[in-house]
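See structure below.
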Amino acid sequence: MKTVLSLSSWPLVFFSGLLCTYFAFASERPMFAFALIYAGEVLLLFLLERYIPYERRWLISDGEMANDIAHTLLTKGLVQLMALLGAVFPMYTAILLLPFTGAQLSIWPTSIPMLLQVPMGVLIAEFGLYWSHRIAHERLFFWRFHALHHSVTRLWVINTGRFHIADSLFKVVLSQLPLFLLGAPLPVFLWLGAVTAFMGILTHCNVDMRTGFFDYIFSTPRLHRWHHSKEIREGNTNYGENVVFFDLLFGTYFNPDRPSSTDIGIRGQIARSFLGQLAQPFRKDGIRQILGRPTKNG
């Protein structure tokens, strides 16, 4: 039974999520329906983590659960009104900003089926997601914000949304602005939000998933664990959020023939409290702590 689940759990969660989302978006309350589907997928992964965990040590609490939830609800969604739906921030961004994008080129091929528009939108957005993610690793100014996400010492479904608000804003701007300018319709943004939400909980879950050929198309748990490795040579790879096309194109794809890393985290130190974690990248001593450098207080 465990072997069957290991082989089937990734496509089961991802494709069932997309199928249910199709019906959610066709309902009278699409956002509410999607939130229920997302919550159900999170619960399913939470249970799978306990039945077929990839790393049993990651089942032990690291004391960061409250902070992880707070970052997911209060910073990833950017505004507290979206707190309970923090994972669908891209969808609300589209709803709120689309009417104000007067600079649109209106060259989006709206006449082709949505089944083709959505992959096109995901790939265009992925270019921005890839480079915002890569820049966050390769430039210290941006790393001081992104390090919060990498400070975890275990991966599990709950710390999926552990991002600094500045980090989230940077990614949203680079990934969604091209779609706005091209005149992509609202459903493309809705589907982008859904794909990204499901991919996020899958890449961070502590489930022993055997993803096989999916590793060469999508960002999978196996690839993302390498990305979280404390070893820089391994960690500065696999930047793709949803697909690995640009990792393959730009030479940052990393998938050696051995179990992916469980030695994850950063060399520096992150503040203990939620508010402290938000303020830390803006303080000189805080930046030095993030980078693992000596501070005035030692």
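The values are calculated or read from the model by the stated rules, or taken from the named source; none is laboratory data. These numbers were taken from a predicted model, which means no experiment stands behind them. Because the Cβ atoms are built from the backbone with ideal geometry, glycine has one as well, and the counts that use them run over all protein chains shown. Note: accessible area is taken over every heavy atom of the protein model, side chains too, but ligands, DNA and RNA are not part of it. Shrake-Rupley method; radii C 1.70, N 1.55, O 1.52, S 1.80 Å.
Some observations on this one:
- Residue among ASP257, ASP285, ASP247 with the largest mean-square fluctuation in a Gaussian network model of the chain, springs linking Cα atoms under 10 Å: ASP257
- Of the solvent-accessible surface of the chain, computed with a 1.4 Å probe over protein heavy atoms with every protein chain present, carbon and sulfur atoms account for 68 percent.
- Lysine pairs in the chain with Cα atoms under 30 Å, if 8 or more residues apart or on separate chains: 9
- Overall form of region 172-298 per C-alpha gyration tensor (a/c, 1.5; a/b vs b/c): oblate
- For the pair region 20-54 / region 169-228, the C-alpha centres are spaced 16 Å from each other.
- Computed from label points 7 Å out along Cα-Cβ, the spacing between ARG210 and LEU5 is 1.5 nm.
- Unit charges at the beta carbon, dipole of the chain: most positive-side option, LEU36, TRP191, GLY292: GLY292
- Here the Gaussian network model covers the chain, with springs between Cα atoms less than 10 Å apart; of LYS284, LYS171, LYS230, LYS284 fluctuates the most.
- Anisotropy class of region 122-194 from Cα gyration tensor, a/c 1.5 cut: oblate
- Sequence of ARG222, ARG272 when ordered by accessible area, the most exposed leading, probe 1.4 angstrom: ARG272, ARG222
- Neighbour count of at most 13 Cβ within 10 Å plus DSSP loop: longest GluC sites (Glu not before Pro)-free window in the chain: 29-230
- Dipole magnitude of region 148-298, debye to nearest 20 (Cβ charges: Lys/Arg +1, Asp/Glu -1, about Cα centre): 700
- In region 1-266, Cα pairs under 8 Å separated by at least six residues give a relative contact order of 25 percent.
- Take the Cα of LEU249, step 7 Å toward its Cβ, do the same at LEU181, and the gap between the two points is 1.5 nm.
- Net charge dipole, region 1-266: roughly 180 debye, given to the nearest 20, about the Cα centre with Cβ charges of +1 for Lys and Arg and -1 for Asp and Glu.
- Taking the charge dipole of the chain about its Cα centre, with +1 at Lys and Arg Cβ atoms and -1 at Asp and Glu Cβ atoms, the residue from MET65, ASN242, VAL207 reaching farthest to the positive side is MET65.
- Between the beta carbons of TYR51 and THR110, assuming R0 = 45 Å, the FRET efficiency works out to 0.55 to the nearest 0.05.
- Solvent-accessible surface of region 1-266, taken per residue with a 1.4 Å probe and all protein chains present: 44 Å².
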